[in-house]
Amino acid sequence: MLMMLAFLVDQTQQLCCPLFRATWHKMGSKRELWDRMRSLFRDFAFKSMRMLYEALFYGMKFQPPIILYDDD
């Protein structure tokens, strides 16, 4: 049932979301799109799928982490 639900959501995105379609077109293949989505999910917390699609479509600026050293 969960696989069918995931398939339904995927098909709905393909039909109704122009940002999803543009991002998919930019990535070149669905496999590349899902690979990039997975990699962003591992490292970042997005408030919405729109934020995720915008990050993929427009790109993200990464800043190096701030490392605090203990001088004691």
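The numbers here are math on the coordinates, done by the rules we state, and not lab data. Since we're looking at a predicted model, the values are computed, not measured. Backbone-built Cβ (ideal geometry, glycine too); neighbour counts: all protein chains shown.
Computed packing ranks the peptides 42-53, 16-27, 58-69 as 16-27, 42-53, 58-69, most packed first, by mean other Cβ atoms within 10 Å.
The spacing between the range 1-42 and the range 43-72, judged by their C-alpha centroids, is 21 Å. The calculated FRET efficiency for residue 12 paired with residue 66, based on their beta-carbon distance and R0 = 30 Å, is about 0.15.
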